[in-house]
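Before any comments, here is the structure.
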Amino acid sequence: MEKITLNNGVNIPSVGVGVFRVEDAQVAYETVKLALSVGYRHIDTAMIYGNEEAVGKAMKDSGIAREEIFLTTKLWNDDQRSGKVAEAIEASLKRLGTDYVDLYLVHWPVKETYKNVWKKMEEVYKSGKAKAIGVSNYQPHHLDDLLQIAEVIPAVDQIECYPYLSQEAVIAYCKGKGIYPEAWGPLGAGKTDILVNPIITGIATTHGKSAAQVILRWNLQRGVIVIPKSIHEARLVENLSVTDFTLTAKQMEEISKLDKNLRLGSHPDNFNF
Ligand SMILES: NC(=O)c1ccc[n+]([C@@H]2O[C@H](COP(=O)([O-])OP(=O)(O)OC[C@H]3O[C@@H](n4cnc5c(N)ncnc54)[C@H](OP(=O)(O)O)[C@@H]3O)[C@@H](O)[C@H]2O)c1
């Protein structure tokens, strides 16, 4: 499993499994247990996904030592608005059945609070309840504001990112500040034709790989962590098998050219939750 070192020295596996929209506790439990059994050591959840308990139980029942698993959860927007960050991480830890997470992310840049919430995230970091802290869905202008008051530089910015939304500007900005970009919805979240796009499938054929593997590889090769979600064993295995081939510079460019700024999720400057 390839690992990346974040700006505070913490190591994160470059491929993780996401569990968004896996609300059924049994399915979430089985998915995480399956993922761990086929080799995943990085799990991405969030308070709002409603499955932290199932994730924690699966981790425990897997028999794998806690310190071998990289666990991310996120601070939901209501907890930013109420200012109850310490309470929110405590509640997440309780549900997860652990005394720390590896990465705690501010889920969205809530307009009224994103400038102040970071100080409270730094307190979480100093308490040891999160080995690293970061943000999600932050645009460069949000990060510019945050960096003016930050003592701790965010380790990660988790953003929507797949070939139709290549996010080159945000990624370049993050890299310039030592913030590691992480892609959510890396396979297009089951909402686009990206997995049957002929450029992608053509490249996949030349490597004897699937379209999903090619687009995950594209992000990894440009220095972006990926957290694809699947509840199926064959796909979990497929999505993890992306470090044994290399896309050529031309193939990387062909994929990047597919960008059409097509956002499938909400815009970070305009969301209503
Ligand atoms: N920070 C944020 O605001 C934010 C927002 C959204 C998501 N996320 C995180 O990012 C993770 C991934 O994003 P996502 O779940 O939205 O979308 P995604 O990983 O891009 O796509 C998941 C979809 O692709 C299917 N799939 C998975 N592997 C496949 C393969 N090899 N071939 C074909 N289809 C495949 C899955 O179906 P099956 O499950 O049926 O296999 C599911 O329908 C989430 O689970 C969550 O942890 C974060």
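The values are calculated or read from the model by the stated rules, or taken from the named source; none is laboratory data. As the structure is a prediction and not an experimental result, all values here were calculated from the model. Reconstructed Cβ throughout: ideal geometry from the backbone, glycine too, with neighbour counts over all protein chains shown. Accessible surface is based on the protein model in full, side chains and every heavy atom, while ligands, DNA and RNA are left aside. Shrake-Rupley method; radii C 1.70, N 1.55, O 1.52, S 1.80 Å.
All of (1) open to solvent by 30 Å² or more (accessible area, probe 1.4 Å); (2) within 30 Å of residue 29 (Cβ to Cβ) hold for residue 253 with one exception: (2).
For region 34-52, a residue qualifies if it is buried (at least 17 other Cβ atoms within 10 Å of the Cβ) and in a helix (DSSP H, G or I), and the qualifying residues are 34, 35, 36, 47, 48, 49, 52.
Mind checking whether some residue in region 194-201 is touching a Phe, Trp or Tyr at 6+ places or on another chain (Cβ under 9 Å) and either under 30 Å from residue 111 (Cα atoms) or at pLDDT below 95 (or both)? No - not one qualifying residue is present in region 194-201. Which pairs have Cβ atoms under 8 Å, sit 6 or more apart or on different chains, and link a residue in region 36-56 that is over 11 Å from residue 19 (Cα atoms) to one that is at pLDDT below 95? Listed pairs, sorted by first residue: 39/1; 41/1. Looking at region 114-125, is at least one residue at pLDDT below 95 and buried (at least 19 other Cβ atoms within 10 Å of the Cβ)? Yes, there is a match, as at least one residue in region 114-125 is at pLDDT below 95 and buried (at least 19 other Cβ atoms within 10 Å of the Cβ).
Residues in region 94-113 that are touching a residue at least 40 places away in the same chain (Cβ under 8 Å) and crowded, with 16+ Cβ neighbours inside 10 Å: 9 in all. Checked against the criterion of being touching a Pro at 6+ places or on another chain (Cβ under 7 Å) and among the acidic types (Asp, Glu), region 117-129 has no qualifying residue.
Which one is least open to solvent (accessible area, probe 1.4 Å), of the residues in region 59-82 that are out of contact with any helix residue (DSSP H, G or I) (no Cβ under 7 Å at 6 or more places or on another chain) and small (Gly, Ala, Ser)? Here the residue is 65. Taken over region 197-213, the criterion of being part of a helix (DSSP H, G or I) and under 28 Å from residue 28 (Cβ atoms) is satisfied by 211, 212, 213. Hey, does region 252-261 have a residue that's touching a helix residue (DSSP H, G or I) at 6+ places or on another chain (Cβ under 9 Å) and among the β-branched types (Val, Ile, Thr)? Yes: region 252-261 contains one or more residues that are touching a helix residue (DSSP H, G or I) at 6+ places or on another chain (Cβ under 9 Å) and among the β-branched types (Val, Ile, Thr). On the stretch given as region 171-193, residues that are in contact (Cβ under 8 Å) with a residue 24 or more places away in the chain, surrounded by fewer than 23 Cβ atoms within 10 Å (Cβ to Cβ) and part of a helix (DSSP H, G or I) total 4. The set of residues from region 220-260 being touching a residue at least 40 places away in the same chain (Cβ under 8 Å), more than 13 Å from residue 162 (Cα to Cα) and part of a helix (DSSP H, G or I) comprises 233, 236, 237, 239, 240, 251, 254. Condition check for residue 27 on (1) under 17 Å from the mean Cα position of the chain (by Cα); (2) within 11 Å of the ligand (Cβ to nearest atom); (3) in a helix (DSSP H, G or I): one failure, at (1). The single condition among (1) open to solvent by 40 Å² or more (accessible area, probe 1.4 Å); (2) modelled with pLDDT of 95 or more that residue 23 does not satisfy is (2). In region 158-170, the residue that is farthest from the ligand (Cβ to nearest atom) out of those that are open to solvent by less than 60 Å² (accessible area, probe 1.4 Å) and either charged (D, E, K, R) or not in a loop (DSSP other than H, G, I, E, B) (or both) is 170.
Being open to solvent by 10 Å² or more (accessible area, probe 1.4 Å) and within 15 Å of the ligand (Cβ to nearest atom) is the filter here, so list the residues in region 138-157 that pass it. The one that is open to solvent by 10 Å² or more (accessible area, probe 1.4 Å) and within 15 Å of the ligand (Cβ to nearest atom): 139.
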